[in-house]
1. Ratio of Rg to Rh for the chain, alpha carbon only, Kirkwood?
2. Over the chain, what is the mean sequence separation of C-alpha contacts under 8 Å (at least six apart), divided by residue count, expressed as relative contact order in percent?
3. Would you pull out the residues with amide H under 5 Å of Leu56's amide H, same chain only if 5 or more places away, H placed 1.01 Å from N?
4. Which of these, Arg47, Arg19, Arg35, has the largest mean-square fluctuation under a Gaussian network model of the chain (Cα springs below 10 Å)?
5. Can you compute the modelled spin-label distance between Arg33 and Leu56, with each label point 7 Å from Cα toward Cβ, in nm?
6. Please order Leu9, Leu56, Leu43 by the number of other Cβ within 10 Å, starting at the fewest.
7. Run lengths n ≥ 4 of DSSP H only: what is the helix-derived mean residue ellipticity at 222 nm for the chain, with -39500 (n - 2.57) per run over all residues, to the nearest 500?
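Coordinate-derived values only; no laboratory data. What you are looking at is a predicted structure, and each value in this text was computed from that prediction instead of being measured. Because the Cβ atoms are built from the backbone with ideal geometry, glycine has one as well, and the counts that use them run over all protein chains shown.
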Amino acid sequence: MRVMVRAILNTEKSNALLRSGELPRLVGGFVERARPEAAYFALCGGRRCAYFILDLKDTAAMPALLEDFFLDFEAEVEVVPVMNADDLRTGWAALKVAAARPA
């Protein structure tokens, strides 16, 4: 299942990690472990924010992948199912079949 993970990092905690040099190592370690399809970094409400697109083979992988965001960054984490364009086309094709059925 493809998901988008949004992690909003605690500013005080991530400032300390940045000053100590740990922030790049920790984020890089997550990227190496998770192998996201895409990774984006931005500001959310003035706080450091990371977005990752992951293709999870098993949702049971979420705790092992995401726990570091809580422990290391004291982050607020959201996981949202998402589709790429191919997934959407497949979904629309199924919808057309369903729509063609008589009532």
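1. Radius of gyration relative to Kirkwood radius: 1.14.
2. 43
3. Result for Leu56 returns Arg2, Val3.
4. Arg19
5. 1.4
6. Listing Leu9, Leu56, Leu43 from fewest to most nearby Cβ atoms yields Leu43, Leu56, Leu9.
7. Result for the chain: -15500 deg cm²/dmol, rounded to the nearest 500.
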